[in-house]
Each structure stands twice: as structure tokens, then as C-alpha cells.
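Here's the structure we're looking at; comments come further down.
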Amino acid sequence: MSNDAKSYYITTPIYYVNDIPHIGHAYTSLACDVMARFKRLDGYDVHFLTGTDEHGQKVEASAEKKGIDPKVFTDEVSQSFRDLAVAMNFSNDDFIRTTEQRHYDACQALWERLLEKGEIYLGSYSGWYAVRDEAFYTEKEVTKDEDGVMRGPMGVEVAWVEEPSYFFKLSAWGDRLLALYDADPDFILPKSRRNEVISFIKGGLMDLSVSRTTFNWGVPVPNDDKHIMYVWLDALTNYITAVGYPDEEKDSYKKFWPADLHMVGKDILRFHTIYWPAFLMAADLPTPKRVFAHGWWTNEGQKISKSLGNVISPYDLVERYGLDQTRYFLLREVPFGNDGDFAHEAMVTRMNSDLANALGNLVQRGLSMITKNCEGKIPESGELSAEDEKLQASVDALLSDVRSELDVQGFSRALERIWRSVSDANIYVDEQAPWALRKTDFKRMETVLFVLTDVYRKLALVLQPYMPESTAKILDLLSVAEEQRSFDNWSDGMKAGTELPKPAGVFPRYVEQDS
Ligand code: ME8
């Protein structure tokens, strides 16, 4: 038996160390973090992996440019991705580097297995190669621009390469890949990406060059030290290295492989949905359960690039708007899977309307009434009215509704659903007007406030994966004990008489600085 029902293995791409972390990297890892946190609260044993991809021509060239040894260079940049995880409050269980010994062992074991099974042969490669994508392109995929420079499909410069090379028999795997997608329509999400991959395969697959001889920065090919492994074969293998491969008897491997979800950007869809499952099937290893390829962020309508000088630093966002505000915005603003644009104005609107006004005020209004009128203790509930029950029903259904959305990575739809309940609760407060009941029907005011405290608790519980710090503050204000914050505690309810601390604002408003 491999996976037991309650384990969940999720991965980010491992990021190239030729660049400093930016909003795009933060985005992918954030989505994984929300999935990982949700699953943990839902009782799963989660393994959340991220890390850095440290080999290849591009990294070697970046180190050379700086005049330092690639290992020294990769140590530095890899650390900046670890720092990002801390700054963004990511809850990864492991951080893998492809320069680690455990990873060399896994890559070489996989190589030997593919060789043994006759899936790899020695030949020679002549064709186009883009160092920036670390990808090979066919004659059909390249074009000459006005300056005579040859470019690949993503507009990246390609160079003609001719060298001895090992090949993986990818051409033989087309039908089996199509059968794999057929067997599970959710193997590639969103659907549009699935169609893209299927039509690419139907166009015919060629054997894939899987070794290079013109530079050294990579995992040596076993028994042929003139060759190093193609960086994508090396990089993709990280997903099994991290759970213990080549020791297939290891508990972590048995428990977590195959992965439940590889989260990637749309730029690396092919590598994850064609090469990776083909390598695994050829080695007779189980294939991952899902690859989700999300969209691309632009900055105020422009492509993000170092040369345009418009790279968005996640550190700047956190400093300017706040950590949970940034986490919320990134997953709320754009339907997950689509491309998205970062605009300051949109960020401020979300921060002020959704967080400070809608959710922040909702919590603040009820809690400060309890402080002022109920001696700071959760009041007793009287009999519930139809309005109370209607609001409770909207909020009770949240957990299963959010679970269904997140099961297909519907991050923004889940938030929309939560904010429907926030809005229901605000309408309820306006209509019940507990400040007026204070004078006319004190018992009814107590019931309304009692109902509200449980609404706050449930909103905070279900929002924990997105905004861990702010929701912890709300749960503290409700005196919900740390050990009562999992989804097992969903139906616990509130206890009248519980003392509450003095309320404090949780979501500050963004005030425009004078320029
Ligand atoms: O491709 N918008 O690493 P990489 C959204 N090492 N996401 C973005 C983005 C943007 N503007 N820019 C980057 C590699 N990303 C390989 C992966 S995995 C075995 C090896 C995110 O550093 C997105 O997830 O170029 C994209 O797929 C990834 O960063 C590419 O990171």
C-alpha cells in the first residue's frame, strides 16, 4: 500500500537560484501553503515541500558573471528563498536543494533504473537550446527576429547545440500519457491547460536529450563522467528525493508518494505533465495525482522583468500592506489559474473594503458591545429566531463549501464564498441592531451577541490557512484555546460566561501617504 487516506503531499516548483525571489515565486508557494494548512486543520498528515533548483547552464553562467564558484553562489541565493518562506509565513516541512547528496543519490538511482529498462540510449544531439528556459526546441518552434537572432516560442534566445548526448525514449510514451490523462480528468488542472498538453502530444513527441557534455555544473551521469544530467531530469526528481527515494521501503516514501499535487506556473506545464510522468512510468514508479498550472502575474499591466526594472518584491508588499493582507490579496484578486495584474489601487481596495470594513468591523462591533454591556463575558443565548438560524446555516455550510473549492484549488472562489457569509453577518447585525436592543430588549441583545461570537469563531477557523496571524488574533479575542482551532472543533460552539480580552482592531486601514 502506498498513500493512506489521510496523508497529503504537496510541492512547489524548486526555484532557479539565478534570480532573487519575487512575487511570482511567493504566489506559487503561498497557494501551496494555504492547501497545506487547510489539509492539516482537516486532519491530514501533510508534507509540504519547496526548495531550489541549483544546477544547469543558466546558474553556472550567473555564478561566472559574479566571478564566484557556483556552489558559493547557490548557497547564497538558496538562502534567500529560505528567508522568503519565513517572511511569508510558509509552513513547508522540508526545503530541498538539488546540490544535496540525497538528491544526487536519487537522480543516479533513477538514471540507472531507466537505463536498465532500456529507456535511455546514447546518441548525439544537434538542435536548438534556450538557456533561459533550459529547454530544447524543434526547428518548427523557433523563429528569426528582425535582428537575425533565433528565438524560441517564449521569445527567448536559442543557440545551436551539437554534442554527444543520452536520450530518453519519450517518443514511445505519447499514447500512455494520453491514457493517463484520460483515466483522471483532473490530473491536469485547469481544464484549458489539459487541452493544451493533449494537443501538444497529438502533434507527436520526439526523444528527449537528457545529458549535456559542454559544461560541468550538474549531477554526473553514472559510469560516464563526460556527461552531466539534463537539468530538468535532475530537477523533477527532487519530488521523490524528498520523500526518501531510492529507498522505496522508507516510511515517508510509502506514505507520501505519489504526490497529491504539484503546483506550478503555466510556464513549466510541459515538463511536469509530459516529461515527469513519462520518466516515472518508464521507471515503473507511480505518477503524481495532479498538476495544477496557475497563471502569470504582471505589474500594473506590464510583464514583470528585471530589464524593465518592475520586479515586485514580496518583502516590499509585506512591509507596505502587511503580511496577511498580501496573502489575502494574491489569492482573492485573481481566479486561480488565470493571469493576474498587480495594481496598488486594487490592493488598497481589498485591504480596506474586504478586510478592514467588512470583516474587521464585523468582529469589532460585536466584541466591543460585549465588553461594554456584558462585563466582557460571552452572554447567555435565549431562544433563537429565524434570522439567527438563517445566519447560522450560512456560516455552518462554510467548511464543506470551502473544502469543495480547495479540493480543486479554487482559492478565490473559496474566499468569495466566505465573504458571502461575512456579508450575511453584516446584514444581520444591521437588521438586529443590538445597540438598539440594549435599551428595548436586553435578553435579545445577548442572544444576538452570542450568535455573533460563534459566527466570528467559524469565520476565523476557516480563514486560518489564508491569514494565519490575523485569524489567531481573532481566535485569541474569542478565548478559543490553541488546541481547539482545528476543523474537528467546528461544531464546538461558544460557552456563555467565557471571559474575553479587551478587543483590539485586527485589520488596519491603508491610508495613502502624501507624496
Ligand atoms: O522554472 N507569475 O524555476 P523558476 C506567476 N527551476 N508565477 C511566477 C511568475 C509570475 N510572473 N514568475 C515565476 C523553474 N513564477 C524550474 C522549476 S521544478 C522541478 C523546476 C513562479 O525559478 C511559477 O510557479 O523559473 C513558475 O512556474 C516558477 O515561479 C518558475 O520558477
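Bear in mind these aren't lab numbers, they're just calculated from the coordinates by the rules spelled out. The structure presented is a predicted model; accordingly, all values stated were derived computationally and were not measured. For neighbour counting, all protein chains shown are included, and Cβ atoms are generated from backbone atoms with ideal geometry for every residue, glycine included.
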*segment 95-158: which trypsin sites (Lys or Arg not before Pro) are DSSP loop and have at most 13 other beta-carbon atoms within 10 angstrom?*
117
_Packing-based exposure ordering (other Cβ within 10 Å, fewest first) of 35, 281_ = 281, 35
*Distance between modelled label sites at residue 341 and residue 159, nm, 7 Å Cα→Cβ extension*: 3.7 nm
*Grab the other residues whose beta carbon is less than 14 angstrom from that of residue 20, score K and R as +1, D and E as -1, and report the net.*
-1
*asked:* Could you work out how much longer the chain between residue 504 and residue 439 gets when fully extended? Use 0.36 nm per residue separation minus the Cα distance between them, nm to one decimal.
replied: 20.9 nm
*Calculated FRET efficiency, residue 61 and residue 176, Cβ-Cβ r, R0 41 Å, to nearest 0.05?*
0.70
*Label segment 20-95 by shape, choosing from rounded, prolate and oblate, from the square roots a ≥ b ≥ c of the eigenvalues of the Cα gyration tensor; if a/c is under 1.5 it is rounded, and otherwise prolate applies when a/b is larger than b/c, oblate when it is not.*
prolate
_At 27 angstrom or more along the helix axis (alpha-carbon based) and mean Kyte-Doolittle of 1.0 or higher, what helices does the chain contain? Whole DSSP H runs only._
none
*Contour minus end-to-end for residue 302 and residue 71, with contour as 0.36 nm per residue of separation and end-to-end as the Cα-Cα distance?*
79.8 nm
*Please go through segment 410-515 and write out the GluC sites (Glu not before Pro) that DSSP classes as loop and that have at most 15 other C-beta atoms within 10 Å.*
512
_Please give me the summed charge of the neighbours of residue 164: other residues whose Cβ is under 14 Å from its Cβ, Lys and Arg +1, Asp and Glu -1._
-2
*Given the pairs 140/289; 169/250; 226/254; 58/306; 65/266, which span a C-alpha to C-alpha distance of over 27 angstrom in this model?*
140/289; 169/250; 226/254; 65/266
*Write out the trypsin sites (Lys or Arg not before Pro) in segment 300-387 meeting two conditions: DSSP loop, and at most 14 other Cβ atoms within 10 Å of their Cβ.*
306
_Once you order the gyration tensor axes a ≥ b ≥ c over the Cα atoms, which shape class does segment 121-251 get: rounded for a/c under 1.5, otherwise prolate or oblate by comparing a/b with b/c?_
oblate
*By its C-alpha gyration tensor, with a ≥ b ≥ c as the square roots of the eigenvalues, how is segment 249-367 shaped: rounded for a/c under 1.5, else prolate for a/b larger than b/c, else oblate?*
oblate
